[in-house]
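The values are calculated or read from the model by the stated rules, or taken from the named source; none is laboratory data. What you are looking at is a predicted structure, and each value in this text was computed from that prediction instead of being measured. Because the Cβ atoms are built from the backbone with ideal geometry, glycine has one as well, and the counts that use them run over all protein chains shown.
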């Protein structure tokens with residue numbers, strides 16, 4: 001019997017340390033297999049063998065592969081929001097966005113690479129799974145709002161005439177570009193950049209749009 005919560009992707013979190021460790025291992029292995037094979041080609045039996053654990057352990061907790069993916073999707077988004085929140089100065093920022101923004105971009109790339117398996121699986125399944133599609137929309141909205149709050153805290157450094165709109169649109173740009181660079185999405189060879197160059201260029205673009213004076 002799965003330990004599903006009231007919302008898509010929500011499950012009762014394990015209370016025992018040993019069970020939490022096993023769950024972390026299940027998520028790690030599933031990410032690796034999804035990244036390598038995709039959603040359809042990955043079986044619960046493959047995950048259980050690689051953990052290792054019994055097949056029933058996974059079914060007892062999640063009920064199936066689709067529910068496991070939904071949990072992973074929600075868990076990854078919540079972690080990303082928490083990390084963005086840790087960068088948020090919680091009020092009007094006194095630091096320099098030119099210094100903070102590259103750190104935030106690198107953090108986004110790191111998260112996407114760590115969870116590239118679940119991203120590949122989600123993109124593969126969303127068009128046939130309305131519940132996963134709705135979860136994707138809700139999670140992306142949550143991420144966007146967290147990022148907008150972070151950027152808007154630096155609004156006194158903007159020269160854009162509408163700082164709130166600028167923070168909103170800049171976050172949309174950052175999310176789209178970082179997703180393409182940090183995930184398994186195909187990219188034309190002519191547009192591929194190494195990580196340092198990507199961080200520098202996307203920071204330059206974002207600061208220019210916001211109207212933040214730069215010294216690049």
**OP:** Give the residues of region 159-174 that are surrounded by 16 or more Cβ atoms within 10 Å (Cβ to Cβ) and within 22 Å of residue 86 (Cβ to Cβ), sorted by residue number.
**Re:** 167, 168, 170, 171, 174
Original post:
Out of all the residues in region 136-145, is one or more part of a helix (DSSP H, G or I), touching a residue at least 24 places away in the same chain (Cβ under 8 Å), out of contact with any strand residue (DSSP E or B) (no Cβ under 8 Å at 6 or more places or on another chain) and closer than 18 Å to residue 93 by Cβ?
Top reply: no
Subject >> The one condition in (1) part of a helix (DSSP H, G or I); (2) modelled with pLDDT under 95 that residue 206 fails to fulfil >> reply: (2)
Original post:
Within region 26-33, can one find any residue that is out of contact with any strand residue (DSSP E or B) (no Cβ under 6 Å at 6 or more places or on another chain), modelled with pLDDT of 95 or more and surrounded by fewer than 18 Cβ atoms within 10 Å (Cβ to Cβ)?
Top reply: yes
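Look through region 86-103, keep the residues that are assigned to a helix (DSSP H, G or I) and without any contact (Cβ under 8 Å) to a residue 60 or more places away in the chain, and return whichever of them is surrounded by the most Cβ atoms within 10 Å (Cβ to Cβ). Show your work before the answer.
At the first step, the residues of region 86-103 found to be assigned to a helix (DSSP H, G or I) are 86-87, 97-103.
Those left that are additionally without any contact (Cβ under 8 Å) to a residue 60 or more places away in the chain: 86, 99-100, 103.
Numbers: 86: 9, 99: 9, 100: 18, 103: 12.
Here the residue is 100.
Consider region 34-48. How many of its residues are surrounded by fewer than 19 Cβ atoms within 10 Å (Cβ to Cβ) and within 22 Å of the chain's Cα centre (by Cα)?
Of all residues in region 34-48, those surrounded by fewer than 19 Cβ atoms within 10 Å (Cβ to Cβ) come to 36-38, 40-41, 43-46, 48.
Now restrict to residues that are within 22 Å of the chain's Cα centre (by Cα): 36-38, 40.
Of the residues in that region, 4 qualify.
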